[in-house]
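S.K.: Quick one: this structure, given as structure tokens, is what I'll be asking you about.
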């Protein structure tokens, strides 16, 4: 039996579908958003149970040792970078995974959880998962909560037999449609171009970058979920924290051109100012250092930016049913 928290969200629902594709249906799904409230992400997926977090913990802690999960994929979190309630972030992004971490130690269950590239902040200290996590300065409270849990996990003397934290970079792909302002720029670009034939992008306020040449590590969700399953299946994959990105930064302009091309529209960009209240927090460059994961023989990504955008736009966003 496999547990996936955050299963009714973006990466979690994609992971459930990817597990189905390798023949696993003995999945317990956990999410704060009930299926009655949001049914689409898991509509095509097969799983055994669905719990809210409180009911899930009651159920999990009642299981006998011989019925403990085969693995816990903890994808559930408050993921909004605009969240300002620190206590709420502590409860959801630190306390809850700590409970699961301790349970996984007690029951010898592998624990694979979502960290975030947001721990690196503006990148002043680099984007290397081999660096001391304490040197990083996140730009928002969400990133701080992810960094603080990473630090806590690394400091524990008693850990799960196998545990892996995954620092996702700019993930995009099917099933992110409920995320609103937190959705990827690929999806936002698609909606804008569909509505007006035009895309609004932030101009650069940094003299080292021309408009549209701000850089991000864009990674397609199908690579992310494939890697997570690969990490679970590799019994010798060393415990620790790993970056999960494509490993090569690309410009916003490259992303925009790819979306316009796959939609059959000429490139038409309107440059707008970055709002003053977030200008000092804006990141001009992110790029995952992937050497640590590669040293564990993690496979190469299958989707570069052009291939990922092509699959996403052609097979999902332009389809009558955009869900996995």
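No value in this document is a laboratory result; all are computed from the given coordinates. Here the structure is a predicted model, which means the values were calculated and not measured. Cβ atoms come from the backbone with ideal geometry, glycine included; neighbour counts cover every protein chain shown.
S.K.: What number, rounded to the nearest 500 deg cm²/dmol, is the helix-based mean residue ellipticity at 222 nm of the chain, given -39500 (n - 2.57) per DSSP H run of at least four residues and division by all its residues?
M.R.: Using -39500 (n - 2.57) per qualifying helix, the result is -9500 deg cm²/dmol.
S.K.: Still on this structure: I'd like the orientation of helix 252-263 relative to the chain: the angle between its Cα long axis and the longest Cα principal axis, in ° from 0 to 90, rounded to 10.
M.R.: 90
S.K.: Could you work out how far helix 185-196 tilts from the main Cα principal axis of the chain, as a 0 to 90 degree angle to the nearest 10?
M.R.: On a 0 to 90 degree scale, this one is about 40.
S.K.: Here's another thing I want to ask about it. Fewest to most neighbouring Cβ within 10 Å: what's the order for 263, 1, 75?
M.R.: If I rank by nearby Cβ atoms, fewest first, I get 1, 263, 75.
S.K.: Next question, about the same structure. GNM, the chain, Cα, under 10 Å: largest mean-square fluctuation among 229, 112, 72?
M.R.: So, out of 229, 112, 72, the one fluctuating most is 229.
S.K.: Compute the angle between helix 10-21 and the longest alpha-carbon principal axis of the chain, please, reported from 0 to 90 degrees and rounded to the nearest 10.
M.R.: The angle comes out near 60 degrees.
S.K.: Cut-off 10 angstrom, C-alpha nodes, Gaussian network model of the chain. Which of 95, 34, 58 fluctuates the most?
M.R.: For the chain, modelled as a Gaussian network with Cα springs under 10 Å, the answer is 58.
S.K.: Rank these for me by crowding, 220, 323, going from fewest to most other beta carbons within 10 Å.
M.R.: Fewest-to-most ranking of 220, 323: 323, 220.
S.K.: Once you've got the GNM for the chain with C-alpha springs shorter than 10 Å, pick whichever of 63, 215, 100 has the biggest mean-square fluctuation.
M.R.: 63
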